[in-house]
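Each remark here refers to the structure printed beneath this line.
The values are calculated or read from the model by the stated rules, or taken from the named source; none is laboratory data. Nothing here was measured: the structure is a model prediction, and the numbers come from that model. We place every Cβ from the backbone using ideal geometry, glycine too, and count neighbours over all the protein chains shown. Heavy atoms of the whole protein, side chains included, go into the accessibility calculation; ligands, DNA and RNA do not. Shrake-Rupley method; radii C 1.70, N 1.55, O 1.52, S 1.80 Å.
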Amino acid sequence: MVDVSDKKTAHQVVIIGGGFGGLYAAKSLAKANVQITLIDKRNFHLFQPLLYQVATGSLSPADISSPLRSVLSKSKNTKVLLGEVHDIDPKAQNVIVKGESVHYDTLIVATGAKHSYFGKDNWEEFAPGLKTVEDAIEMRRRIFMAFEAAENESDPIKRQALLTFVIVGGGPTGVELAGAIAELATKTLKEDFRNIDTSETRVLLLEGLDRVLPPFAPELSQTAEVSLKALGVDVQTKTLVTHIENDIVTIKQGDEVKEIAAKTVLWAAGVKASPMGKVLTDRTGVESDRAGRVIVEPDLSIKGYPNIFVVGDLANFSHQNDKPLPGVAPVAMQEGEYVAKLIQKRLQGETLRQFKYVDRGSLAMIGQHAAVVDLGFMQLRGFFAWFVWLFIHIYFLIEFDNKLVVMIQWLWNYFTRNRSARLITGKEAIAPIPIVNNQSHTPIVTKKPLNV
């Protein structure tokens, strides 16, 4: 056990970020002879893989969030500091929080990433991404307000635009959002409205590459596309978004340009590093990639600073298969655990061979009884893949309370097809949102003739 009576002489480990990488590092150091300070601007750990279910009304934010102090309450060598790190002084070995300095002997930076609009940041106003609780609540507001506004809209063209949902990006988040919205419209809400038929809702999933779920095996991508189409999702691949404004999404497919009238546009197309990546670049001279991710050494430290580690979505680890590891939760978990083990080895005068990610598979939910799972040695589809998806997500939820609540909620949703978290909150939560663009648009206006 750790002797915490002499905190001044204990090795000081500062962890910035309470996501998967930071939290798993802290938990792995719980019995080490170190003193840990975990700093986060939020007081909770968020299970991001289930954020889309908050956005579509299946779960509430508290169901997938765990207070950091509660999670680490039994780690007597750990304290949690609520605040945002604005700067780092690598020479003095301090991080700056609220104008105050916090000293470290070893620093772990795990501040993650946020959504990227590829230089079109003004699109965020029209197409929110999905990285935080606030993002999920805003998505939920837009989705359910669109149905409410459609119920009160007499103009059929405007009503159809209100019932059109465009998801940009065909990765796991985009696929799961598209499937969830389609099920919401065709099953959950079908008896709830009197003036609209929610089954007429149009869900479009736009992907720039030639298939959805690009990281998956081609046959699983095909299975996912077939399952999405069975739910009524209009999957459009080889499609680039060129403009978003005033309820109009402009897309390009080859030489053809189209405009889609849609009140609700959701972004799931890309990510970029958190601002802490630039701070590290400025203060240490470490290189970063085009997305702002920090280039790390084989042991996840940064060049020239062996006591500074970067883990999770902020890190570009390209020492395995000559390409960066994906920005997924398992990578962050394993990196956090590795750095914790390396710190303990160093304190004992030992070393540890370079980090190696063990890929245990990829999975994506499409709808009820529909999922795809790639375990490397085995590929699963349909009901069994769906069951595996449920089990894995329950297993990796941090606290027992969350596991129990989510399991009960999923069972209730399964048998009733009811999503009890369909709350409209946040800005403009009372009056139905109007169509911003007053000009009439058909759902799709073709600028150049289409050969379909």
Rounded to 0.05, the calculated FRET efficiency for the beta carbons of Thr416 and Thr351 at R₀ = 41 Å is 0.15
Taking each full run of DSSP H in the chain as one helix, which ones are at least 20 Å long along their axis (Cα atoms) and have mean Kyte-Doolittle hydropathy of at least 1.0? 382-396
Accessible-area ranking of Val175, Val328, largest first, probe 1.4 Å: Val328, Val175
Taking every DSSP bridge whose two residues both lie in the chain, the antiparallel percent to the nearest 5 is 55 percent
Counting only protein heavy atoms and a 1.4 Å probe, tell me what percentage of the chain's accessible area is made up of carbon and sulfur. 53 percent
What FRET efficiency do you get for Gln253 and Asp282 if R0 is 51 Å and r is their Cβ-Cβ distance, rounded to the nearest 0.05? 0.80
For region 374-415 the chymotrypsin sites (Phe, Trp or Tyr not before Pro) that pass both the DSSP coil test and the at-most-13 other-Cβ-within-10 Å test are Phe377
Ignoring ligands, DNA and RNA, what accessible area per residue does the chain give at 1.4 Å, in Å²? 47 Å²
Output the relative contact order of region 1-113, whole-number percent, from Cα pairs under 8 angstrom with separation of 6+ residues. 34 percent
Within the chain, longest stretch clear of exposed GluC sites (Glu not before Pro) (DSSP loop, no more than 15 other Cβ within 10 Å): 85-190
For region 82-185, which chymotrypsin sites (Phe, Trp or Tyr not before Pro) are in a loop by DSSP, counting at most 14 other Cβ atoms within 10 Å? Phe118
Given the pairs Lys27/Lys356; Lys114/Lys263; Lys74/Lys341; Lys27/Lys323; Lys76/Lys131, which span a C-alpha to C-alpha distance of over 26 angstrom in this model? Lys27/Lys323; Lys76/Lys131
FRET efficiency for Lys120 and Thr9 from the Cβ-Cβ distance with R0 = 45 Å, rounded to 0.05, comes out at 0.30
Rel. contact order, % - alpha carbon contacts under 8 angstrom, at least six apart, region 277-406: 12 percent
By how many nm would the segment from Asp234 to Asn33 grow when fully extended, if each residue of separation counts as 0.36 nm and the alpha-carbon distance is taken off? 66.8 nm
